[in-house]
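Engineer: My questions all concern the structure below.
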Amino acid sequence: PLVPDLRFLQVVVVFRVISAYEVGPGPISWFIAAELFDQPGRPIAMVFASLLSWGGKFLLALTFPPLLKLWGGYVYLLFMAVALTALWVTWFRMPETRGRSFDDIAEEFRGAEALPLQNNGDFNTFK
């Protein structure tokens with residue numbers, strides 16, 4: 001073969017991908033649940049975030065090998081689509097929470113009937 005045995009490198013790359021996920025987008029669901037729910041609702045939000053996180057990892061581990069066999073390298077396009085969808089939701093639907101109280105954020109959700117979120121001028125995100 002043109003390329004020597006790269007099993008060791010494959011293990012290193014998988015380790016790096018998992019590490020990058022765990023310090024990057026992995027814990028975001030915990031931060032969202034902590035910032036967007038009040039104290040009485042926070043425990044159930046954390047349980048739901050954990051359920052979605054671990055459930056997603058389980059489904060990924062279960063479905064990746066058959067999808068890789070079926071689609072080959074094109075299976076990564078599916079992951080790219082999921083990542084782009086998550087980026088869109090984060091960029092356009094999540095409110096900025098820096099410098100705001102929980103009540104202010106909750107009020108924005110109550111009055112946001114599919115309207116774009118906008119700065120009402122009472123806080124500066126660049127402070």
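Engineer: Could you please find all residues in segment 64-116 being exposed (fewer than 12 other Cβ atoms within 10 Å of the Cβ) and at positive phi?
Structural biologist: Scanning segment 64-116 gives 72, 114.
Engineer: Pull up segment 49-76, narrow it to residues that are among the hydroxyl-bearing types (Ser, Thr, Tyr) and closer than 19 Å to residue 33 by Cβ, then point me to the one that is modelled with the lowest pLDDT.
Structural biologist: Here the residue is 53.
Engineer: Here is a follow-up. Assess whether residue 24 counts as being within 20 Å of residue 88 (Cα to Cα) and modelled with pLDDT under 80.
Structural biologist: yes
Engineer: Right, next: Considering only residues that are farther than 28 Å from residue 97 by Cβ and of a type in the set (Phe, Trp, Tyr), which ones fall in segment 5-63?
Structural biologist: Correct list: 8, 15, 58.
The values are calculated or read from the model by the stated rules, or taken from the named source; none is laboratory data. None of the values given here were measured: they were computed from a predicted structure. Backbone-built Cβ (ideal geometry, glycine too); neighbour counts: all protein chains shown.
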